[in-house]
Amino acid sequence: MSVQKIEKNFITITIDGKECIGKNGDTILKIARANGIYIPTMCYLTKVEPIASCRMCVVEVDGIEGMILSCQEKAVEGAVVTTNSKELHNQRQNIMKLYNVNHPLECGVCDKSGECDLQNKTLEFNVSNQNFSIKESHKKVENWGYVSYDPALCIMCEKCVRVSNEITGNEALSVSVGGYKSKIVNIKNSNCSSLGESAAVCPVGALVNSDFKYSSNAWELKQVPASCMHCSSACSLNYEVKNDKIYRVTNNYEFSSLCGLGRFGFDFENKNAKKDPVVFREAISAFKRAKSIRFSAVITNEEALILQKLKEKYKYNLVCDEAYGYQRFLNAYSSISGASLYSGDLSSIKDSDGIIVFGTRVNDDNPMVKYHITMASKRKRARVAYFHPIEDSNLSNVITQFVKYEAGSEEGVVALLASVLLNNHKISDDLKSFLDNLDIGNLSAESSVGEEELDYLVKSIDKKQKLTFIVGSDLYNHPRTVQIAKILGAIEKYSDFSLVIVPPATNALGVSLICSLDEKTEGYTIGYNAIGDFELSSLGYGDMDMPALNQQEGTLTNIDKRVVPTNAALSYQGYVLNDISNELGFEAKYTIDYTSMLPVKAGYKTEDFDNLPDFFDNSGIEHRGYPLTSESVKVVENFDEIEDLPTYDGAIIYHCNENTNISVFSNVTTAFKSNEFYLRGSPQFANIVKIKDGDDIKFNINGIKYQRVFKIDEGMKGTIAINPIFDMDLNKNQNISYRFNHLHREQ
Amino acid sequence: MAHIEEHKETQSIQKEKQNYVMLDFGKTPEYGLPAFIQVVRRSLSIELLKGLGVTFREMINALFRGKMHTTKYPFEKLPIAPRYRAIHEMLRLLESGHYRCIGCGLCEKICISNCIAMETKYDENQRKEVSEYTINFGRCIFCGYCAEVCPELAIVHGGRYETASEQRAGFSLFEDMLTPIDKLKEQKEFAGFGSISSNADENIKKTPLAY
């Protein structure tokens, strides 16, 4: 049976005399590229569906008259393909001549010069004279915020339009068709930073980053491969550096994507750090005196390991507010599912045709998850059910069903979901009795998730092949987080869903796996990018400087459960955590010496940092670091009874940062720095709180005082307002509390 | 063999054509008395006054007829050839007065002594603007590559050759080298090093202009 299956799955074709093996259903171009055979293209972009606007990829297939577009033609078993002949060359040369008609001769100042597809292919196809012409018309340059568009340089390959529709999902760009006068139009007048993703794929200098434009030539910049430090996706990127300054961020746009924050928020480095022996001695004495260490999850695996080793030696209380709830959640999940790690990842979201998103404002919490949901929606026509107390207008084009539940009722919602999703599955007796005892009517009424909504959900995902369940930050600090995690574990274990537990901060997953965390600090506390009596800070305003994540090398554990390397893009003159730990009785020359010591029990490998690969191969497979192995965990199936669901009436505050200002680190970058912290709410919220647009509002949540300017967001509904918490002073307690809270106004 | 003989023949022909004449200076006196007589004769003849006459004439010309040949250097300078490579000048467009530099950065890249540094940015008029431009004349070897590579004839070598200064590193900013806007009318189309050849028009290949 297996042999037959392999035969069905793989086909062999001959390209230029070379036998190539590819997957059934792959296009000729894809198979050729995977096998290292070059077919020139102008409009082809691997990560989106074939555009077929350039016709450069034409090939000849034996037995078929005429030329075939290899980018969209699926290969047939035994086909004999020729990628180069005199006719094909002439054809391609003519295409290049047409592209060059009236293309401004401004390569000298153009940003793209040196990495321009048009330049390269014009030379490659030896275009030495031009026999086409047309009357030129005036075309105005347009500025769209983070990017600017020059129609005169545009070759209308449509890559940017595809990316904005299929990947970022903001659907801002469109083609205005008009023959020679065709151009790209920004139909939504969007100046969203995610347009940077469209600019990245532009083969010419038409769509470029406004801040980078005309500041440096591409070939002068040194590329430093790294991982993005803003959220837990830790996307692969290159910092492009000249004279110890980052000029821009690029990525391997054929196979991977970057959100606006990752692309434009790169200058968060700790400038002017110096080695001051006096401060260093103070730090050492602080460490000797301290009882606790509090740190942020924006940290490398190696540093987390150093802190864990310090804890083991000096018996510190190790506190990471961002990762503590996540660790507890993950452990509770493992106790049911029997695996230390969740089963899904970003690529499984992309390939899904049925997705449930629960307990996360996904567009803001993790843009890359949203991108992958968009890809699933556009390509697989995925059903996307979004469960959240607040509707998100940014997701309206991908969501097929929005289910609104009452804030605080997550436990009830997940129990209801379990009861319908596990309905026809074979489950354990414990779980069966738990589900049978549920008071469905009551839960449904309390959470306001209607039974007909659940029926509709079950019907819509019926017969879907690949299902993914995405859960996020609302749940990790929920008062009933353990119970919720257990039920989710059961859903994953007994149904066809794969689960993605989105880490709440950059390396929250790594910290949860490496460190044994405590809930609270006691006594004298060292704060590492967090509040403490002695503060180490990568932002430059603590008692001692630490390198920011673009100034140090190390590894991060990302949402894909992958250990990915990152490198230092900028120089750093100060002390690092390793210097302190060396003084405290450990010995390692560099921080990265700890990479091979990461705990094998948690699924890490004893691989040296320098041996970690960091590239995408020709067929687009990611070779970055290594994937964690999921260890098996002892299963203890017991479920508590569902308590009465808490009620959140009246005005409610929801802690949530916008996706361009995800953390304190994004708030120091030039592109996203903001001193205005708006509380955004619906007109209805304004009504019940009796507040007007532009009014100051002070309130108190868990002992932390907030002062915000209220702003009415017409797109919002209900009585929940969104409160951003990316300012450093308030960072101290943000993630230890449940994200929904009653509004207690202070006068 | 034949061609060697031929060669010899032409050599002998050339020898015959040589027409040297030995001048008759008389005999150099070999002992005391004739030598003494020669000195006295030469001293007392008018030839001395002839020489003094020339000197006197030039003195009159210089003093009273305005035909002075001495250049009073720091106050006066000799004109230099257009291809002379001295301190750089930044030219403006004669029509609009805007500076010619388009910020392509080729001069910075080709500079073999790494003495040109520039920064560019995107300006409000959506042009590439030169925000910083300096040349370190302590390092510059005046090779002329920058002027030669410049596609716009924006950076050229001028005639200011006095580069002595109190310290090695002497910087010039873009504004220092740029033609002052009030002297735009005096700016001449540059004919020196790096400028286009006189027959440039003949070398242009025509692009299709069918419309």
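On alpha-carbon atoms, Rg over Rh for the stretch A:459-538 using Kirkwood Rh?
1.13
Using a 10 Å cut-off on Cβ to Cβ distances, tally the other chain neighbours for every residue of B:118-124 and report the average as a whole number.
Going residue by residue through B:118-124 and averaging, the value is 4.
Note down the magnitude of the dipole of chain B about its Cα centre, charges +1 on Lys and Arg C-beta and -1 on Asp and Glu C-beta and zero elsewhere, to the nearest 20 debye.
840
Compute the signed sum of charges (Lys and Arg +1, Asp and Glu -1) over the other residues within less than 11 Å, Cβ to Cβ, of A:L539.
Around A:L539, the surrounding residues sum to -2.
Using a 10 Å cut-off on Cβ atoms, rank the peptides B:39-48, A:192-201 from the highest mean neighbour count down.
My ranking of the peptides, most packed first, is A:192-201, B:39-48.
So for each of A:59-67, A:556-564 I average, over its residues, the number of other beta carbons within 10 Å; can you give me the resulting order with the highest mean first?
Sorting A:59-67, A:556-564 by mean packing, highest first, produces A:556-564, A:59-67.
May I ask you to work out the translational diffusion coefficient for the stretch A:420-487 at 25 °C, viscosity 0.890 mPa s, via Stokes-Einstein with Rh from the Kirkwood sum over Cα pairs, reported in whole µm²/s?
After rounding, the answer is 174 µm²/s.
Can you tell me the Rg and Dmax of chain A, counting just the alpha carbons, in angstroms?
27.2, 83
Order the following by accessible area, largest value first: A:D608, B:D201, A:D267. Probe radius 1.4 Å; ligands, DNA and RNA are ignored.
Accessible-area ranking of A:D608, B:D201, A:D267, largest first: B:D201, A:D608, A:D267.
So with the 1.4 Å probe, I'd like the accessible area per residue for chain A, rounded to whole Å².
Each residue of chain A exposes 41 Å² on average to a 1.4 Å probe.
What does the charge count near A:T27 come to, summing +1 for each Lys or Arg and -1 for each Asp or Glu among other residues with Cβ under 13 Å from its Cβ?
Counting the neighbours of A:T27, the net charge comes to +1.
For the stretch A:129-200, max minus min Cα coordinate along each principal axis, in Å, sorted largest first?
39, 21, 21
Using only the Cα atoms of the stretch A:163-273, what semi-axes does the equivalent ellipsoid have when each is the square root of 5 times a gyration tensor eigenvalue? Give whole Å, largest first.
They are 27, 17, 12 Å, listed from largest to smallest.
Can you tell me the Rg and Dmax of the stretch B:88-195, counting just the alpha carbons, in angstroms?
13.6, 41
Quick check: at a probe of 1.4 Å, how many percent of the accessible area of the stretch A:1-93 sits on carbon and sulfur atoms?
Carbon plus sulfur share of accessible area: 49 percent.
Work through the residues other than A:I13 whose Cβ is under 12 Å from its Cβ and net out their charges, Lys, Arg +1 and Asp, Glu -1.
Within the 12 Å Cβ shell, the charges total -2.
Roughly how far apart, in whole Å, are the Cα centres of the stretch A:214-289 and the stretch A:354-397?
29
Using a 1.4 Å probe on protein heavy atoms only, how many Å² of accessible area do B and A hide from each other, summed over both chains and rounded to 100?
It comes to approximately 1300 Å² buried between B and A.
From the C-alpha coordinates alone, can you work out the Kirkwood hydrodynamic radius of the stretch A:407-562, in Å?
One over the average 1/r among Cα pairs gives 18.8 Å for the stretch A:407-562.
Over chain B, with every protein chain in place, what whole percent of the accessible area is carbon and sulfur at 1.4 Å, could you tell me?
The nonpolar share, carbon plus sulfur, comes to 56 percent.
Could you state the angle between the C-alpha long axis of helix A:277-289 and the longest principal axis of the C-alpha atoms of chain A, as a value from 0 to 90 degrees rounded to the nearest 10?
That helix lies at roughly 50 degrees to the long axis.
With no solvent and one point on each alpha carbon, what is the Debye value of log10 I(q)/I(0) for the stretch A:610-747 at q = 0.12, 0.16, 0.19, 0.21 Å⁻¹?
Debye output, listed in q order: -0.69, -0.89, -1.07, -1.24.
So for the stretch A:2-84, what percent of the C-alpha to C-alpha distances run longer than 20 Å?
Distances greater than 20 Å cover 29 percent of the Cα pairs.
Summarise the partner chain shielding of B:108-114 as one whole number: the mean count of Cβ atoms from other chains within 10 Å of each residue's Cβ.
Taking all residues of B:108-114 together, the mean is 1.
If chain B were replaced by its equivalent ellipsoid, with semi-axes equal to the square roots of 5 times the Cα gyration tensor eigenvalues, what would those be, largest first, whole Å?
58, 32, 19
So which residues in the stretch A:117-142 end up with at least 50 square angstrom less accessible surface once the other protein chains are there, compared with the chain by itself, probe 1.4 angstrom?
Correct list: A:S133.
Need one value for A:678-690: mean number of C-beta atoms belonging to other chains within 10 Å of its residues' C-beta atoms.
Whole-number average of other-chain Cβ neighbours for A:678-690 is 0.
Which percent of Cα pairs goes in each bin when the distances of the stretch A:339-501 are cut into 10 angstrom slices starting at zero?
11, 43, 39, 8, 0
Over 27 Å between Cα atoms, which of A:K245/B:K183; A:K271/A:K315; A:K188/A:K380 qualify?
A:K245/B:K183; A:K271/A:K315
Per 10 Å bin, what is the whole-percent P(r) computed from every C-alpha pair distance within the stretch A:148-190?
Bin by bin from 0 Å, the calculated values are 30, 57, 13.
List the trypsin sites (Lys or Arg not before Pro) within the stretch A:614-723 that DSSP assigns to loop and that have no more than 11 neighbouring Cβ atoms inside 10 Å.
Qualifying residues, ordered by number: A:K634, A:K690, A:K692.
What value, in deg cm²/dmol to 500, does the helix sum -39500 (n - 2.57) over DSSP H runs of n ≥ 4 give at 222 nm once divided by the residues of chain A?
About -7500 deg cm²/dmol.
On a 29 Å Cα-Cα criterion, which of the cross-link pairs A:K140/B:K121; A:K426/A:K520; A:K74/A:K466; A:K112/A:K274; A:K74/A:K121 come out too long?
Too far apart for the 29 Å limit: A:K426/A:K520; A:K112/A:K274.
Please report, for the Cα atoms of the stretch B:63-139, the Rg to one decimal and the Dmax as a whole number; what are they, in angstrom?
Taking only Cα atoms of the stretch B:63-139, I get Rg and Dmax of 19.4, 63 Å.
I need the peptides B:158-164, A:184-190 ranked by packing, meaning the mean over residues of other C-beta atoms within 10 angstrom, with the highest value on top.
A:184-190, B:158-164
Can you tell me the accessible area per residue over chain B, all protein chains present, probe 1.4 angstrom, in square angstrom?
81
Apply the Kirkwood formula to the stretch B:25-70: the hydrodynamic radius equals the inverse of the mean of 1/r over all pairs of different alpha-carbon atoms; give it in Å with one decimal.
Computed over the stretch B:25-70, the radius equals 13.2 Å.
The values are calculated or read from the model by the stated rules, or taken from the named source; none is laboratory data. Since the structure is predicted, the reported quantities are computational estimates derived from the model, not experimental observations. A quick note on method: Cβ atoms are made from the backbone with ideal geometry, for glycine too, and the neighbour counts reach across all protein chains shown. For the accessible areas, the whole protein counts, side chains as well, though only heavy atoms, and no ligand, DNA or RNA atoms are used. Shrake-Rupley method; radii C 1.70, N 1.55, O 1.52, S 1.80 Å.
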